[in-house]
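Nothing in this text is a laboratory measurement; each read-out follows from the coordinates by a stated rule. All values reported here derive from a predicted model rather than from experimental measurement. Positions of Cβ are backbone-derived with ideal geometry, glycine not excepted, and every protein chain shown enters the neighbour counts.
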């Protein structure tokens, strides 16, 4: 299953299973020092970021590659919600003539196949980016048991891409989400979309994990990125 299909499949129930995503989205907005009027958001989902914005805005462009997620996002006359894969030429053409006070992204950019290219193009349209990305250390214990590699970027790759074009502040945090039993734990992985379409829970690995996974929590490592100035 592709990453896009993974998120689309669970779009209607996503808000019930994305606890960590909700926490970091709220933290991302809480840490903003200014209240920008013109905002671009990448990976808008069903509106986790937008729902925390409590100041007047002039224009908000929200981008997500899941049409189902875009349908769930809040709509208004000054909100433009569009379905694009931010790795595509079509997306870059969509934003190339734009200008924003701020670009926001929460739990999304880690899926990029060319993060450096995205950040380069964003540097042409904004001076400020505030983002939070999951790193490849998310589900690290599961990866160790199943001998699988994370489908998302590692911390150093993320830092390198942003630092090519901006002077940045970085903060890496490990969250642990506890569960009462293994059934709830594995249901969370299945329904949250966090697995990103990887085959980490095919039948063979699921069986192995049920037997060998002794922890009562899942690990989520995230990196908060705040651009300070352009390089």
Percent relative contact order for the chain, counting Cα pairs under 8 Å at least six residues apart, stands at 24
Full extension between residue 204 and residue 71 adds, at 0.36 nm per residue less the Cα distance, a length in nm of 44.4 nm
Taking a ≥ b ≥ c as the square roots of the eigenvalues of the Cα gyration tensor, with a/c under 1.5 meaning rounded and otherwise prolate when a/b exceeds b/c and oblate if not, region 25-64 is oblate
Of 80-91, 126-137, ordering from highest average Cβ density within 10 Å down gives 126-137, 80-91
Computed from the beta carbon distance with a Förster radius of 25 Å, FRET efficiency for residue 83 and residue 190 to the nearest 0.05 stands at 0.55
Taking a ≥ b ≥ c as the square roots of the eigenvalues of the Cα gyration tensor, with a/c under 1.5 meaning rounded and otherwise prolate when a/b exceeds b/c and oblate if not, region 87-223 is prolate
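Tell me the mean residue ellipticity at 222 nm calculated for the chain from its helices only (DSSP H runs of n ≥ 4, each -39500 (n - 2.57), averaged over every residue, nearest 500).
-9500 deg cm²/dmol
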With Cα coordinates, the longest principal axis of the chain makes an angle with the long axis of helix 182-192, in degrees rounded to 10, of 30
In the chain the DSSP beta bridges are antiparallel at a rate, in percent to nearest 5, of 50
For the chain, the longest principal axis of the Cα atoms and the Cα long axis of helix 203-212 enclose an angle in degrees, to the nearest 10, of 70
Which of 183, 159, 33 fluctuates most in a GNM of the chain (C-alpha springs under 10 Å)? That residue is 33
Dividing the mean separation of Cα pairs under 8 Å (6+ apart) by the residue count of region 97-185 yields a relative contact order in percent of 30
With 0.36 nm assigned to each residue of separation and the Cα-Cα distance removed, residue 179 to residue 52 gains 43.1 nm
Note to self: C-alpha centroids of region 90-123 and region 124-141 sit apart, in Å, by 12
If the chain between residue 169 and residue 120 were fully extended at 0.36 nm per residue, the gain over the current Cα-Cα distance would be 15.9 nm
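Relative contact order, percent, of region 128-231 when contacts are C-alpha pairs under 8 Å separated by at least 6 residues?
Dividing the mean separation by the residue count of region 128-231 yields 55 percent.
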In degrees rounded to 10, the 0-90 angle between helix 19-30 Cα long axis and the longest Cα principal axis of the chain is 30
